[in-house]
Amino acid sequence: MNSHFIQEASEACFNGCCSSPFSSHSMSEKPEELEFSVTTTGTSFLTRNTKFTSQESLPRLRTSFYDLITAFPDYLQTNQADHLRSTEYQNLSSSSHVFGQQQSLFSYSQFREISESESDLNHSLLTLSCKQVSSGKELLSFEEESRFQSRIRKRITSFMNLEESEYHMILTQDRSSAFKIVAELYSFKTNPNLLTVYNYEDEAVEEMIRISEKKGIKPQSAEFSWPSTEILSEKLKRRITRSKRRGKSGLFVFPLQSLVTGASYSYSWMSLASENEWHVLLDTSALGSKDMETLGLSLFQPDFLICSFTEVLGQDDPSGFGCLFVKKSSSTALSEEPTNLANLTAVKAEPSWKWKTEYQAGYNEITPVDHEDHKAASTSGSEIVEIESSVKQDKAMIEFQGLDHADSLGLILISRRSKSLTLWLLRALRTLQHPGYHQTEMPLVKLYGPKTKPSRGPSISFNIFDWQGEKVDPLMVERLAEREKIGLRCAYLHKFRIGNKRRSDEAMSLRLSVVTVRLGGFMTNFEDVFKVWEFVSRFLDADFVEKEKWRMKALDKNK
């Protein structure tokens, strides 16, 4: 795509032919800044080995956006997402929760329409009622559904590209609860192995490991290369195939992508595990909104699948729930006596809006999927009026617009947008360089995981180093980012083999704290990504780093 065309397309984005990719406060920048970028660069500044040594030296937002569409012109084809964000998710411009956000059920505009006042915006849309069960049989028969519960089950199952006739769906309090349920009920007595594939510490997986250890299981883990963070394939293959030769399989827990480093793993690992008589649990927490529609996942049906949803994108206190899907033909694997009944908690969801009580009769009588049938069956004119009035209210409540919006964008658009933003940020972070205090280059950021692989996921992990080469505490970075409403998190990488060491304790000794950001939210835009780059560049200022170190120490002392 030539430079003149890209300039025209970029200017169109700012002049209103499509929704602006930026919030209103960004529009104060002068139009000539974009012209400057065109006439002085012609190609992406990220491909010209450009270095920036201070926050002030960074190009402005508009210039950087032009750089994005120069390097990744396909991004211009995703403006439908910008339009949805500006019309349906207006709250995201002031929220850090757009990053790495779980898929939402509802849109913010839908929430505003239903809420009667500003105070209602702080309330949950759903009322979750918990029920403790005592066995896998009771868990899977937990199906006394209202019409709303039936609708939400069908809608989520469809969204996850699963066949309703082939899977049970159990709502849980959160993702971690779903892992606990599987760990408590899985038949480890007859399938005494647990093999996980995570290059970072995951609280939910660690809880599953602790429960299995109480049952006498010795969990195993895949190992990873350093610094690429890829799976050591031969070792994992041996662990998977060895169990069949010994006549004892188990549970294979697999995420397809690393939620921290963005490393992606082949679908073939699930097939290999299944061929060797493992039960496969697919953790979708690292996948994008529509990734379940990829060919590999369409062809392979895991025994168990765990996902999670939030109610509305961008809430300061995001609420939601987890989902555990159990393949009906594999349900007998959840037959073991639990060690802790408190871990077996299922959830039912109902709308919690005030008007539900006002239209209780109509709500109990109908469901949106049956609108036409009910109107046709009604013989009384007054009944029709009452039902149609209830339908109007019920429709606003029960439509899952967050899922509908992801469906309308589709897998290709969401994937194209995510990859463009991720690869641009990876390149941008590498341009940050400490001023020339040293004879050798002193980069501000050290990246971990795949760099420019097109198949990588939308998570990026890195550390920040000060001008003396000392690592800045990732927890401090997380706190400072949270203050600026930027979604950076501290995480811990583990299970890495260094060099050619054969002894397992030496190979597994590396545990590294890192900063991580995930750009997988389907409503993430370029301004979100630019804010991350701009924030990280502040650490080029030595005074800023020292000042914040002392400030954090003082705050910790006062706790």
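The values are calculated or read from the model by the stated rules, or taken from the named source; none is laboratory data. The structure presented is a predicted model; accordingly, all values stated were derived computationally and were not measured. Quick reminder, even Gly has a Cβ in these numbers, built from the backbone with ideal geometry, and neighbours come from all protein chains shown. The protein model used for the area step is the full one, side chains on, heavy atoms only, and it has no ligands, DNA or RNA in it. Shrake-Rupley method; radii C 1.70, N 1.55, O 1.52, S 1.80 Å.
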Check: Inside the stretch 444-477, can you point out the residues that are under 20 Å from Y198 (Cβ atoms) and either touching a Pro at 6+ places or on another chain (Cβ under 6 Å) or part of a helix (DSSP H, G or I) (or both)?
Finding: Y448, R456, P474
Check: Is it the case that some residue within the stretch 225-235 is of a type in the set (F, W, Y) and open to solvent by less than 30 Å² (accessible area, probe 1.4 Å)?
Finding: no
Check: Any residue in the stretch 519-529 that is modelled with pLDDT under 90, open to solvent by 30 Å² or more (accessible area, probe 1.4 Å) and touching a strand residue (DSSP E or B) at 6+ places or on another chain (Cβ under 9 Å)?
Finding: no
Note to self: Looking for something at pLDDT below 90, open to solvent by 60 Å² or more (accessible area, probe 1.4 Å) and within 22 Å of T53 (Cβ to Cβ) - is there at least one such residue anywhere in the stretch 473-485?
What the structure shows: yes
Check: in a loop (DSSP other than H, G, I, E, B), within 21 Å of N276 (Cα to Cα) and either of a type in the set (S, T, N, Q) or under 23 Å from the mean Cα position of the chain (by Cα) (or both), is that true of N191?
Finding: yes
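Residue-by-condition table, conditions (1) under 24 Å from S289 (Cα atoms); (2) outside any helix (DSSP H, G or I); (3) at pLDDT 50 or above:
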| position | (1), (2), (3) |
| --- | --- |
| P318 | yes, yes, yes |
| F321 | yes, yes, yes |
| E350 | yes, yes, yes |
| N364 | no, no, no |
| K375 | no, no, no |
| K395 | yes, no, no |
| H405 | yes, no, yes |
| L413 | yes, no, yes |
| W424 | yes, no, yes |
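Count, please, the residues in the stretch 299-316 that happen to be farther than 27 Å from S187 by Cα and modelled with pLDDT under 90. Before the answer, list the steps.
Filtering the stretch 299-316 for residues farther than 27 Å from S187 by Cα gives 309-316.
Adding the requirement that they be modelled with pLDDT under 90 leaves 310-316.
Residues that pass the stated criteria total 7.
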Next item on the list: Give me the pairs, please: first residue somewhere in the stretch 326-338 and on the phi < 0 side of the Ramachandran plot, second residue anywhere and among the small types (G, A, S) and surrounded by 12 or more Cβ atoms within 10 Å (Cβ to Cβ), beta-carbon distance under 6 Å, and either six or more positions apart or on two chains.
Entry: A333/S187; L334/G136; S335/G136; S335/S187; E336/S187
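Results for (1) aliphatic (A, V, I, L, M); (2) within 23 Å of R60 (Cα to Cα), shown as yes or no for each residue.
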{"site": "E441", "(1), (2)": "no, no"}
{"site": "L447", "(1), (2)": "yes, no"}
{"site": "T452", "(1), (2)": "no, no"}
{"site": "E478", "(1), (2)": "no, no"}
{"site": "I486", "(1), (2)": "yes, yes"}
{"site": "C490", "(1), (2)": "no, no"}
Item checked: Test result for L299, of a type outside the set (V, I, T), surrounded by 21 or more Cβ atoms within 10 Å (Cβ to Cβ) and either under 24 Å from S331 (Cα atoms) or in contact with a Ser or Thr (Cβ under 6 Å, 6 or more places away or on another chain) (or both) -> no
